[in-house]
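What follows is calculated from the coordinates using simple rules that are stated; it is not laboratory data. Since the model is a prediction, treat every value here as computed from it, not as a measurement. Virtual Cβ from ideal backbone geometry, glycine too; neighbours counted across all protein chains shown.
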Amino acid sequence: MNKKLIALLLAAIMVVACFALAACGDKPAEDPTNASDDPAAASDLAYIQSKGKLVVGITDFAPMDYKEEGSEDWVGFDADLAKAFAKTLGVDVEFTEIDWDNKILELDGKSIDCVWNGMTITDEVKASMDVSDPYCKNAQVIVVPADKAEQYQTAEACKELQFAVEAGSAGAEVAEENGFSVTEVKDQATALQEVAAGTSDAAIIDLLMAGAMIGEGTGFSNLAYTASLNSEEYGVGFRKGSDLVTYFNTFFASEIKLGNVDKIAAQYGIAADAIIK
Amino acid sequence: MAAFFDSIQQNFSTFFTQFPVVFQALNVGFLQTLKLFFATLLGALPLGLLISFGSMSKAKVVNKITRVFVWIVRGSPLMLQLLIIYYFPGLVWHKPIWGGGEDGRFLAATVAFIINYACYFSEIFRGGIQSIPIGQYEAGQVLGLTKTQTFFRVVLLQVIKRIVPPMSNEIITLVKDTSLARIIALQEIIWAGQAFMKGSHGISGAIWPMFFTMVYYLFASGILTVLLGKLEKKLSYFKV
C-alpha cells in the first residue's frame, strides 16, 4: 500500500515537471492561447505600455551605464538614450542590474524588457534575442604618442614596437594574433601610463576607452590612437519576436538626425566615429 | 629591493584610497544580506514547525505529501530553487509576478529561502519532538491536560533545549547561504564585493573587496555563536 502510494506520487511529480519544462520551451509570441485572449502577448509595445514602464537590464559599465559618485541615478551613453527611448514610448524607465550570464533568462522571464549595456553582437546573442541595428562600434586600437602617430597608422608599421596590454583582455588577444611583443599590465589605464612614461612604445586598448581617456582635454593629451585591429558592434537586445526592435531602430535613426546622439556621445567621451550612422 | 618596497607602498596607498568607497558599498550589500537572513528566520521557524507536524501526522496522505515535499526541497540545490521561483512565473506563465526591480528580487529570494530552510528546520523539530518520551504525554493525560496543553506546557520547552545545537548549525549556515541569492541578481554583500573587479564606483580590477566580505561573515557568525551559546546556557537550568 505504502509503496503504491509513493510510486503514484512520484509519477505525479514527474508529469507536473514534464509539463512545466515543456511550457518553458514555448516562446511567448508563439503561444496561441495567450495571443488570443491577451493583446499584450502579441505586441511587446502594448505589454510595456500596459504596465507603464520599460525595464532595462544593465550592468555597472562606464561609460555606458554607471552611477556618478554619490548619486543613485544611472547615467551614461546607453542610460541617457534609454531614458529618451522610454519617453518616446510614453512609459517610465527602470534600470535593473542583472547577472550578465543570465541575461537571456531575465529577458524571456520578463523581469527585464531589453538588454542595453554595450552588448557586443555575437552569433550567440542573435540566436537568443532580437537585436537592434548596431548603434556603436568598438574595436581594439593602437595607442602611440601623438607626435609619432603619423608613422604608425597601420598594424604593419607597428610590428617592431613593444606593446603594453591589459592582462587577459581582448587587446591582449589581438596582440597575440598579430604576433606583437607585449608587456602585460593590470588594466587599460596602466597600459596608457606605460606609453605616456615611455616604458612601452604603444598600447592596445578599446576604442570606447580611447575616446574617453586620451587626446586633447584628457589626462593623456599627448597620446593618440591609430589603427584598429578588429571590430565589434554593439546592439540592444529585445525578446524574440518583439516589435520594439523596429521602434528602437526608428528612434535611434531620428535621434542621430536631430544630433542628440552626438551630443550624448561627446558628453560621455565616446569618439564620434564610434557611432554607427 | 627599493622597487619592491615602492610597490608595497603603492599598494597600500591605493588600498587606503579605495577603502572608504568599498566600505560604503559593502555596508549596503551587507544590509541586504542581513535583511534576507532575518526575513528567512522569521518565516522559516513557524513554517518549519507546521511542516514538522505534517510529517508526523497520522493522516497518511498528509504525512506522505509532506515527506515528499521535504525530500524535493532538501534534495535539490537551493540555487536551482532560487532560479525556479524567480524566473518560472515569467517563463512558463508569461506573468513576471516578482517584477524586475530589487524589491521583487528580494521578495523572491526570501520566499525561496523560507521554503528551503523551513524544510531543514522541520526535520530538526521532528527529531526534537519525537525525542520526548511518550510517558510525558501519558502523564499529562492522567493529570487531565489535553494533548495541546501537554505539548505547549510540558513538551515544547524541552524540545527547544534539545534543538538549540542543531539549530545553531543551520542558522550559521543560513548566514553564508544568503550569498546564493546573487544568482537572481540580489545585490547582497558578495555581489557588492565582486562589482569592484569589473568596475564600479570608479574602481576596477580590485580583487580585495570580495575577500574582505569574509570579515562581515565572520563578524555575523561570531555574534550568532555567542548569542546561541548564551541561550544554551540559559536553558541548562534543568536537565532532560
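Each residue of region B:136-147 is assigned a 3J(HN,Hα), and the resulting list reads 5, 5, 5, 4, x, 5, 4, 7, x, 8, 7, 4 Hz, derived from the Karplus form 6.51 cos²θ - 1.76 cosθ + 1.60 (θ = phi - 60°), x at Gly and Pro. Protection proxy ranking, highest mean first, for peptides B:211-224, A:257-270: A:257-270, B:211-224, where packing is the per-residue count of other beta-carbon atoms within 10 Å, averaged. Per-residue shielding of A:51-64, expressed as the average number of other chain Cβ atoms within 10 Å of the residue Cβ, stands at 2. Taking 0.36 nm per residue of sequence separation and removing the Cα-Cα distance, the A:GLN49/A:ALA155 pair yields an extension gain of 33.2 nm.
Each of B:GLN24 and B:LYS233 was given a label point 7 Å from its Cα along the Cα-to-Cβ line. The distance between the two points is 4.0 nm.
Can you list the lysines whose alpha carbon sits under 19 Å from that of B:LYS230, skipping same-chain ones fewer than 8 residues off? Reachable lysines: B:LYS161, B:LYS239. Each other residue within a Cβ distance under 12 Å of B:LYS161 adds +1 if Lys or Arg and -1 if Asp or Glu, for a net charge of +3. Per residue of peptide B:195-205, the mean number of Cβ atoms on other chains within 10 Å of the residue Cβ is 4. Would you be so kind as to identify all helices of chain A, as entire DSSP H runs, whose Cα atoms reach 30 Å or more along the helix's own axis and whose mean Kyte-Doolittle hydropathy is at least -0.5? The qualifying helices are A:2-25. For a straight C-alpha distance cut-off of 16 angstrom, the aspartates and glutamates reachable from A:LYS159 (same-chain residues fewer than eight places away being disregarded) are A:GLU150, A:GLU173, A:GLU176, A:GLU177, A:ASP201. Starting from the Cα of B:GLN194, move 7 Å in the Cα-to-Cβ direction to define the label point; list residues of region A:189-216 whose amide nitrogen is under 11 Å from there. Within reach of a label on B:GLN194: no residues. For chain A, the mean residue ellipticity at 222 nm estimated from helices alone is -12000 deg cm²/dmol, where every DSSP H run of n ≥ 4 contributes -39500 (n - 2.57) and the total is divided by all residues, rounded to the nearest 500. In region A:155-277, Rg over Rh equals 1.06, where Rg is the alpha-carbon radius of gyration and Rh the Kirkwood radius from pairwise Cα distances. Relative contact order of chain B, taken over Cα pairs closer than 8 Å and 6 or more residues apart, is 26 percent. Close amide H partners of A:GLU233, meaning residues 5 or more places away or on another chain with modelled amide H under 5 Å apart, are A:ILE121, A:ASN138. As an exercise, take the mean of 1/r over every pair of distinct alpha carbons in chain A, invert it, and state the Kirkwood radius in angstroms. Computed over chain A, the radius equals 21.3 Å. Charge dipole of chain B (Cα centre as origin; +1 on each Lys and Arg Cβ, -1 on each Asp and Glu Cβ, all else neutral): 1020 debye, rounded to the nearest 20.
Straightening the chain between B:LYS147 and B:VAL68 buys 25.7 nm, computed as 0.36 nm per residue apart minus the Cα-Cα spacing. By the compact-protein rule of thumb, 2.2 N^0.38 Å, the alpha-carbon radius of gyration of the protein assembly as shown corresponds to a ratio of 1.23. Within straight-line reach of B:LYS64, meaning a Cα separation under 18 Å, sit the following lysines at least 8 residues removed in sequence or on another chain: A:LYS3, A:LYS4. Structure remark: mean-square fluctuation, Gaussian network model of chain B, C-alpha springs under 10 Å; the largest value among B:TRP93, B:TRP71, B:TRP208 belongs to B:TRP93. Applying the Kirkwood pairwise sum to the alpha-carbon positions of region B:22-237 produces a hydrodynamic radius of 19.4 angstrom. Projecting the Cα atoms of A:THR218, A:VAL143, A:GLY179 onto the charge dipole of region A:137-232, computed from C-beta unit charges around the Cα centre, puts A:THR218 farthest toward the positive end. The helix-based estimate of mean residue ellipticity at 222 nm for chain B, built from -39,500 (n - 2.57) per DSSP H run of four or more residues and divided by its residue count, is -27000 deg cm²/dmol to the nearest 500.
For A:THR183, list long-range residues whose amide hydrogen, built 1.01 Å from N in the peptide plane, is under 5 Å from its own amide hydrogen. The list, which skips near neighbours in sequence, is A:PHE163, A:ALA164, A:VAL165.
Remark: mean inter-chain Cβ contacts per residue of B:86-93 equal 6, using a 10 Å Cβ-Cβ cutoff to other protein chain atoms. Name the trypsin sites (Lys or Arg not before Pro) in region B:47-85 that are in a loop by DSSP and that have at most 10 other C-beta atoms within 10 Å, would you? Filter output for region B:47-85: B:LYS58. Which entries of A:LYS240/B:LYS35; A:LYS53/A:LYS103; A:LYS83/A:LYS277; B:LYS35/B:LYS147; B:LYS58/B:LYS233 show an alpha-carbon separation above 25 angstrom in the structure shown? Distance filter (> 25 Å) returns A:LYS240/B:LYS35; B:LYS35/B:LYS147; B:LYS58/B:LYS233. Summary value for chain A: 22 percent relative contact order, contacts being C-alpha pairs under 8 angstrom separated by 6+ residues.
Relative contact order, whole percent, for region A:137-232 stands at 46, derived from Cα pairs under 8 Å and 6 or more residues apart.
Less than 5 angstrom separates the built amide H of A:ILE214 from none of the residues sequence-distant by 5 or more or on a different chain. Projected label points at A:ALA253 and A:ASP147, each 7 Å from Cα along the beta carbon direction, are separated by 4.8 nanometres. Comparing B:ILE207, B:LEU218, B:ILE183 along the charge dipole axis of region B:167-240, the residue lying farthest to the positive side is B:LEU218, per the Cβ-charge model. Among B:GLY43, B:ILE72, B:VAL62, whose Cα projects farthest towards the positive end of the dipole of chain B, with charges put on the beta-carbon of Lys, Arg (+1) and Asp, Glu (-1)? Positive-end residue among those listed: B:VAL62. Summing charges over all other residues whose Cβ lies under 13 Å from the Cβ of B:ALA181, with Lys and Arg as +1 and Asp and Glu as -1, gives 0.
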